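Input: a single structure, listed below in structure tokens.
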Amino acid sequence: MKKPNTPAPKLAPAPRHINWPQLSELLARPIAYHPIFAKIAGGAVPGIFLSQAFYWTNIVELTNPTREGWFYKTRDEWQLETLLTRREQETARRILRGLGILEEKRQDVPARLYYRLNKTALLALLESYLPTEPPTPAKSSWRKTSQQVGTKRANKSEQNEPTLKGAKTTPEKTTISAAQIQTLRASLDEQQLQQLEADADELKASPAGRKFHENHGQSAIEEMVLRDWLSRQGN
């Protein structure tokens, strides 16, 4: 009697080992994450998106100042650089638009989505995190040594220069004012108020939106939705 044919056992794949030089290759394209951006945006997801938008804003202003801070990036490029999913990107954009930090526009044929940071709005949100008193410089011997070898002491204007030279510091006008928000809220009918509540609930359903709601409350979520409405009307 013939024995039934039994499939050959599958061999486990040989274990792959990584060495230190290979790890360096995997980490060759890090992105800068600024925790302060997560604080003002209400969570890590919009904080990551804002950090990367801040990076590209500086790049564009250094390489192509005529763009006035506008840069183009696809959804796939955002995901490749930050690993944020489509929904996470949409949530982050909505939060940042609602805060007045992120501006968007579509142009070119076929249409492309361009982004720009509103510096005035961003700086205004960051002001609350400034220290109340300037830090006292620590005394150390290296100051005397540096002056002895001819190191020039920086004046006030040099100390206040941005880290990336060439970045514009001229304030820009805020796209959407608080008065516009109040006017829109007062003009809503019953159906629009229901839509406002539904959009706010949808935003709170995401982890980033929920975190923002915990930190800032329901009125801030609704104001964010209204800002989003106005920004889309402008496009």
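Mind listing just one residue for me: the one in segment 1-31 that is part of a loop (DSSP other than H, G, I, E, B) and under 30 Å from Ser51 (Cβ atoms) and, of those, modelled with the lowest pLDDT?
Ala28
Within segment 76-107, which residues are free of Cβ contacts under 8 Å to residues at least 12 places away in the same chain, more than 24 Å from Arg210 (Cβ to Cβ) and not in a helix (DSSP H, G or I)?
Within segment 76-107, just Gln107 meets the criteria.
The values are calculated or read from the model by the stated rules, or taken from the named source; none is laboratory data. This structure is a prediction, so every number in the text was calculated from the model and none was measured. No Cβ is skipped: glycine too gets one built from the backbone with ideal geometry, and neighbour counts run over all protein chains shown.
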